[in-house]
1. Residues in region 108-123: is at least one β-branched (Val, Ile, Thr), part of a helix (DSSP H, G or I) and farther than 19 Å from Val15 by Cβ?
2. Name the residues in region 33-65 that are β-branched (Val, Ile, Thr), within 23 Å of Ala93 (Cβ to Cβ) and either part of a helix (DSSP H, G or I) or free of Cβ contacts under 8 Å to residues at least 40 places away in the same chain (or both), would you?
3. Please identify the pairs in which a residue from region 3-18 that is closer than 15 Å to Leu111 by Cβ has its Cβ atom under 6 Å from the Cβ atom of a residue that is buried (at least 16 other Cβ atoms within 10 Å of the Cβ) and at pLDDT below 50, counting only partners at least 6 apart or on another chain.
4. Answer yes if at least one residue in region 77-84 is in a helix (DSSP H, G or I) and not basic (Lys, Arg), and no otherwise.
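The values are calculated or read from the model by the stated rules, or taken from the named source; none is laboratory data. This is a predicted model, so every value here is computed, not measured. For neighbour counting, all protein chains shown are included, and Cβ atoms are generated from backbone atoms with ideal geometry for every residue, glycine included.
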Amino acid sequence: MPTALQVRRADTAEVIGNALAHKAKGLGFRRIAERMGRPESTVRRWLRRTTGEHVQWLHRRGTERLGLVAREAFCTIRYVGNPLGDALCVLSAAAVEDRRRFGFPDPPWDLIGIYTQGRLLSPPRSG
């Protein structure tokens, strides 16, 4: 699967990631959908899939990658005070450091897609 794609999603990591970043800044699903040109129902489903447990998992994925690449970068991160925003900050910092240190040409959201194994959103519940 190409790194830009998300598991079981028609949109890329960049599109979904930007929607999550808007949510972290306090926007609701209607305003996000309008800004991004996506159906409200789609954006609402995305936002409902960003559960607390999954946000913690995203944060751990970013922390693990950043710890491997540039442990000292943790000192420069400006946490925003909400779990989703903080998780996105750490994931972004890891992507920036990977590009800077290793010259990866991939866009940051593609790298974040790799770190999160194509799962910026929590997997659907079975049953």
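1. no
2. The answer is Val55, Thr63.
3. That search, which allows pairs on different chains as well, returns Thr12/Ala4; Ala13/Ala4; Ala13/Gln6; Ile16/Gln6.
4. Yes, because at least one residue in region 77-84 is in a helix (DSSP H, G or I) and not basic (Lys, Arg).
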